Structures are given as structure tokens and as C-alpha cells.
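See below for the structure under consideration.
Computed from the coordinates by the stated procedures, all read-outs in this text should not be read as laboratory data. Not measured: the values here are computed from a predicted model. So basically every Cβ, Gly included, is an ideal-geometry build from the backbone, and we count neighbours across all protein chains shown.
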């Protein structure tokens, strides 16, 4: 018999399978513009999920998450240009490793002294430094951006896949993003994830169970940053261009919006939030100015009416109709 | 001497007062309502656009007096918007988690950006400096634009005024007591909700008037909202979570360091502001003026 | 660190501990010694420094001067989580549990923290579910404190007494050598208090651990403690068996003279 404490792997795998199947079938039915939006959305889902690993799971508020997305992207672009013969998978992995290394260095300094709003503002300041650096550093293209990032040929030993052809890169992004999301899911539901959740709830209490609070916070920060750096690396060839805007603080606000919009306490919250945001953006893309007004108003309405996010709102609606006993069970994840 | 000391010092002070004027309203609202208002930049921008429209309407009138009057009108318009925002958004936000109030003010920022695009379009605009302030003063070899001197004077005067109001008037004492313990203030008969309305309107008025005053310094575009916000957050937090004196000192410290830093490393303008901000947060996480509210 | 320690060596010792806060000197050269198997009650009026001493012993704050020794090894500046791994357990004055997690999930976090290096029952790298052994340990601990029926209830919905019990279960699965209990019966009804005393006594008898507790209620102190230490204005004014302390003239003067009305 499965314990109520076990991870809901069957349910989540089923949901994931359906979503991935639909996304993989997209190019068959959807126009090119929409396929592009969905590919970007997949990367933004990774972006949102990794941020929420820090916030919803561990209790760390980062305002500078976009800088890791940008760093991963520029790192891959630079490596791919400098070493054209390097296997692209090594390039993507390298971007992740670079993101992790940078996060460890920053985390060792920043997490030691400051938490809460200070950590948020500190990450904001650091991301501004990254943004200014990318905007002014000539080898990275300054304001014009890093141009001509190619979609590579994937040499898998037995066969080769040219990601530049047809929808190949789109399919590659969907599959790779799924892998990254699975990593986040696994961390979240592992023993480490449970320790992180304890830290989010009450760090001092967790320490008195022998949990290394600082070490686990650093771990969450490093994993989230590394995963996001890989998503950023995948984004460069998708757009074939990177501008400093990917490091701008308004992009750092995105994973926060996704998570709070969808609900921070469930794994699927940021997924729902990112999808909802993408739909809004796609639906209003032709309305100059009014697009921001509509998106902003809907965000405001969600915050004021459903402070638990979309999924939290649905949950409480469902609970209102459920019996108290089954409601108690539903609250467990 | 002039090139390496006085000139960067002067430029740093000028930037500091620009940041300070931008930040006063933000500090006031954060200090009392504990709402970190992302949309502050948006309302600053609306103030600047309103002033721009009036200048165009009256046919490019550029006397100093008209410029001050126009800025005040911009402040009043934005203050009235603040009245609406407080009723519709800030008041319900008192009940939700801090993280959600942050997302709400960000949503509001998006709305202001959209509104500016819808009303004024996306093209760039600029306004001439009033005639009297268009010149420059030379002190020895030090070149000082009159407009910069004027902004420094306005910044220092605003600080002195706010400090005087806070320390020596009943309104100021009320502000401090509500900031430190709204529940107790309510017990003692203060109408706290109405006081919050007053603070929000005042904060927005300050955003609007700053938008008008700093108009000649800016190129108007819908991106204006997000350019100052992060620097303002820096001054606010480094200063010590919402007190006017801390914000004033932090703005000066960060901007002057940045100004000297750009001498050493001119490739990345603005870099040293954030380096100083990072260092300040790490070395003094409690802020320059710790513990004090307003 | 010496393994079992010599028979004469106290398990936990505080030597000339000083702790100041900006406005007050809270602990002034406090000495304390706990031997293996003791139940030591630290008593004293409000503001005597009991909670601060507790924090210093558990590692929540560090002493300004003086030292804390555990099995003869200096742990004065060892952070709390490392002390826990060395054999400390502690509860809080107001029970602190992970409020959004169920009772069982609360205990599971503790079990897994205790198992972190050597998970019994083995685990593959990719498995994320808790091991069978861990789940059994959770059930055992909830059973021991009498919370089995409420294992799936979110901790924030538990009663005050149940939260205290849950906290005790979380400490127990760590198999501590020494258990620090900060006001274990604070805010309880007399019936709950009696049940708690019995629970602590039975837990101690079963696991053979050493217990240090602070307490206001003299009945609880005399029911549980083998030793008593009296803290007054940050100074240790008396230590000894409950009977000795009860007869101590200085203690009588302070307690009875100040009209505290205990005992």
C-alpha cells in the first residue's frame, strides 16, 4: 500500500505525459507563430518552476533569476561560437555547470548575511550588474545583442539530428524542458525536498532536527540557477539572437508572476501560471498598449480575488464542495 | 583636482538628488504601509507625461515659475490617481501576503505603461529646460549646469522640509507613530485607514511632482517607468527600510560612489551604483539608519 | 572527541557562561553540570535567564564568554544543527512544528534528518519516496506520543497539547543522548500536565536519555527531576537534589520572601 507520504508520481507522470504529447503534436496543427510562442513557453515553465523551487519550497525570494537565464544563454552562445566542434549537449551542460558554480559563489556570500527582502534586493542588484555588463561588453554584442546563434547538429553516435531543420529544434526544446522539469519535480519530492519544505516553514525548527539550513538553501539556489542557465542556453538558438533584455529585471519578475499567479504551494502552480500568462500575451499581442493594461488588470484581479493563485483558487472551490474528511486528504501533496 | 574630485562629486550629487526626489514618495508609502510599490515608477512617468502635455498645451512656456506650477499640477493629477489606487488596490492588499502585494504593484506598473502607450504613444519626446535654468555656472574650472544646481537645491530643500515635518509637526509625529505601530495608533483614536489614504495620496503627489521637475532631464518614453525603480529600491533598502534620512544618505552615497567609479571604469556606466549597493547590503544588512521608521 | 567519556565526566557542562544583550546582562558566570542519566530542572522566576541559558546550551545563541562542553569536548561555538547531530534534542517553549505539513510529514522530516547518512532499508538514488523503515519509525513515534489517530492532520490544526506531543515525537526519532525541554508543560491544563509528565517519564525510562528542562510548575519539577538548579537574576544560586534545594535558605528567602507562591 502506498503511504500518504509518498510522492504522487503516477498522477503527475500522467499529467506530464498528456501535456508533452499535446506540445509535441503542436507543429502538426498550429501556425508557426504559435509554435514559437509554445517553445518559448516551455522554457519559461522551466524558468518558473526553478524559481519556485527556491520560493515555494525553500522560502528564498530571488529578484534576479533572469540573470542566470541570461548567463546560461550567453555562455552557450559564446562557447558554441568559440568551439564549433564541441558537442552541443556538452555546451548545454556546461552552461548549467557555469550557472551552478556562479550560484554557489554568490550564495556563499549572499545567503550567509542576508535573507528575506535583503536577499531579494541583493539578487536584484547583482542582476543589474549582469545586465549592465551584457549591455556594454563589446564581445557579447552590447545593446545590439549576440547575433547568429545557430541551431546545432546533434550527433548521437548512431545517428545525427540537424536541429536547424523543420521543427526539430522545437521538439528538442520540448523534450529537454521536460527533462529539466522532471529534475525539479524529483528534487521537490525527494528527501532533500522535504528538508527544504521544512526550512521554508520554520528554519530554526529545522536546524534543531539536525538539518543544515544554510547548506540546503545554497543547494536549492544552486539547482534552481543551474536548471535556469540550461533553459537560457536552449533559448539562444531558439531565437538565434540574445539581447541584454534577457537579463533585465522585468524578466526576473516573470517567474515570480507565474508562481504567484498559478500558486506557489503546488508543483504545477508555475506551469499553470506561465501558460495562463502566455495565453494572455498571445491573445492581446495586436493591441498596442492595451495588452499591458489587460494583462495587468487580470493579474491584479487574480491577486485580489484568489490570493492562493489559480490552482489555489480552484482547490478552495473544490474543497467547498468536498466533505471535510476528503478535504483533509486533498491538502496533502 | 576639478576633473577627478569636484566634477564627479557634483555629478554624483546631482544624480543623488534625482534619485532622492524619485524615491521620497516610495519611501513614505513603504515606511508606513509596508507596500513596496513597483508602480511608483509608472506614476512618476505619468507625472512627467502630464507635465509634458501641459507644456505643449501652453505653447512651450519656459519660465521657472510656470515650470514649478506645471510640476505641481502634475503632482496633483497623480495624487488624485493615488486616491483611486488606494481605494481600489492598496486597501484590499493590506489583507494579503507581502509577496502578493508586490505582484499587485507590478501589475499596476504594467497598467501604467500600457496607459501611457495608449494615451501618448510610443514615440520619444523631450522638453527644453526653462530658459533661466538652461545656462551653466563656472566655479574656477568646474562646470555646473544651472539646472543641476537647481535640482540639487530642490532635493536638499525637500529633504529638509520632510525632515522638519517629521520631527517637529503633529502630522509628522502621527506619521511616525502609525508607522511604528498602526494597531496602537488605532487604539488611541487615529483613523488609520483614512491616514493611509492621505499617505498614499501624498506619496503619489510626490511621484507626480518629481516627474514634472525632472522632465527637462529625461527623454520621455514608456520605458521611463522601469529605469529609476531599481535605483530607488536600492536607496530605500540601503537606507534602512523606509526612513527619509536613510534614503537621502543612501542616495548620496550610492550615486557619488558611482560617479567616481565611472572615472575608473567608464565602459559600463552605472555599474558602481550596484556594486556599492551590493557591498552596503552585505556589510550593513540592517541599513544605514537601522530601526528607525521614517 | 572521546567516545563514551569517563565515569566522572559530566555529559553536558557549562563553565562560567556569560551572555549579554544590548540592554541587560542576562547570564553572569553560570556554571552547570549534567551527568548521564540525570533529569535536571532549571528553575527560577521570570526573567532569571532560564530561556537564555537554554539557548546557549542548545546552540541557538553563542555565549559571549565561558564555555559549553559536551562529553568533555568544547561545543561553545558549534552551531545548533551540528549539536543535534552529535546527540542534542530540544523542544520549544511554544511548540514549533511545520504548520502546513501533516503530523506524519513533520515526524518524517525528523526521521530523515536522523537517517541522512545511512538510510536503513537502503534506497536507490532515483527513488524519492520515503523508505519503509523511515515510515515505520514515523508510525512508532506517533504511536509512542499517542498521536497515531491524527497522523494525517495538518499540524496547524492540532491542539496546543498535541503540538507539544508532536514536537516530542520529532525529538525522539533523533534518538538524542540529551533532551532539552523548554517549559514542557507551559499553558497546559492540570490534566494535560499530568499526562505530559507521565509521557516524559516513560520516554526517559524507555530510551535512557538525559533530560534538561526548565519549568514553572513546582509539581512537575518534583515529579520529574533528579536534580534541580536555581537561576536568579542570571546567577546560579543553588544546585542539588530536589530535597536539598527545597531546604536551601537562600532559595527559600527568594521564593517565599518574594511571595512567588510556588510549591
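Structure summary
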read-out: Cα long-axis angle, helix A:32-52 against chain A (0 to 90 degrees, to the nearest 10); value: 50
read-out: Gain in span if fully extended, residue C:116 to residue C:28, counting 0.36 nm per residue against the direct Cα distance; value: 27.9 nm
read-out: Estimated FRET transfer efficiency (residue C:216, residue A:314; beta-carbon r; R0 45 Å; 0.05); value: 0.45
read-out: 10 Å binning of all Cα-Cα separations within chain C, expressed as whole percents from 0 upward; value: 7, 29, 34, 22, 7, 1, 0
read-out: Cα→Cβ-extended label distance, 7 Å offset, between residue B:279 and residue A:81, nm; value: 3.2
read-out: For A:136-147, mean number of other protein chain Cβ atoms within 10 Å; value: 1
read-out: Per-residue mean of C-beta atoms belonging to partner chains within 10 Å, peptide A:181-192; value: 3
read-out: Peptide B:268-275, shielding by other chains (average Cβ, 10 Å cutoff); value: 5
read-out: The stretch C:64-214 - percent relative contact order, Cα under 8 Å, separation 6 or more; value: 31
read-out: Cα-based convex hull volume of the stretch B:50-117 per residue, rounded to whole Å³; value: 93
read-out: Inter-label distance for residue A:175 and residue B:266, nm, one decimal - labels placed 7 Å from Cα along Cα-to-Cβ; value: 5.2
read-out: Burial order of peptide ranges A:10-23, B:276-289, C:101-114, B:222-235 (average beta-carbon count within 10 Å, highest first); value: C:101-114, B:222-235, B:276-289, A:10-23
read-out: Residue A:301 paired with residue A:22, simple spin-label distance in nm, labels 7 Å along Cα-to-beta-carbon; value: 2.1
read-out: Using alpha-carbon coordinates, inclination of helix C:103-114 to the longest axis of chain C, degrees; value: 80
read-out: Alpha-carbon Rg with Dmax, taken over the stretch A:256-313, Å; value: 11.2, 34
read-out: Quarter of the Cα convex hull surface for the stretch B:113-194, i.e. its orientation-mean projected area (nm²); value: 10.5
read-out: Between helix A:249-262 and chain A: long-axis angle, C-alpha atoms, 0 to 90°, nearest 10; value: 40
read-out: Theoretical FRET efficiency, 1/(1+(r/R0)^6), r = Cβ-Cβ of residue B:170 and residue A:138, R0 41 Å, to 0.05; value: 0.10
read-out: Calculated [θ] (222 nm, deg cm²/dmol) that DSSP helices of n ≥ 4 give over chain A, each run adding -39,500 (n - 2.57); value: -23500 deg cm²/dmol
read-out: Quarter of Cα convex hull surface for the stretch B:2-222, i.e. mean projection, nm²; value: 13.8
read-out: Segments A:228-234, A:213-219, A:125-131 sorted - mean Cβ within 10 Å per residue, highest first; value: A:228-234, A:125-131, A:213-219
read-out: Potential lengthening between residue C:133 and residue C:195 on full extension [0.36 nm per residue; Cα-Cα distance subtracted]; value: 19.4 nm
read-out: Ellipsoid semi-axes in whole angstrom, largest first, where each is sqrt(5λ) of the Cα gyration tensor of chain A; value: 31, 24, 21
read-out: Value of relative contact order over the stretch A:9-248, rounded to a whole percent, pairs C-alpha under 8 Å and six or more apart; value: 41
read-out: Share of pairwise Cα separations in the stretch A:193-333, more than 21 Å, in percent; value: 60
read-out: Added length on full extension, which subtracts the Cα-Cα distance from 0.36 nm per residue, residue B:97 to residue B:84; value: 2.5 nm
read-out: Rounded Å value of the spacing that divides the Cα centres of the stretch B:93-137 and the stretch A:41-94; value: 31
read-out: Taking all pairs of distinct alpha-carbon atoms in the stretch B:1-92, Kirkwood radius in angstrom; value: 15.4
read-out: For the protein assembly as shown, convex hull volume per residue from C-alpha positions, Å³; value: 211
read-out: Label point 7 Å beyond Cα of residue B:142 along Cβ direction - residues of the stretch B:1-24 with amide nitrogen under 13 Å; value: B:1-14
read-out: Sorted largest first, extent of the stretch A:148-223 alpha carbons per principal axis (Å); value: 55, 25, 21
read-out: Ratio Rg/Rh, restricted to the stretch C:88-191 and using Cα atoms, in which Rh is the Kirkwood radius; value: 0.99
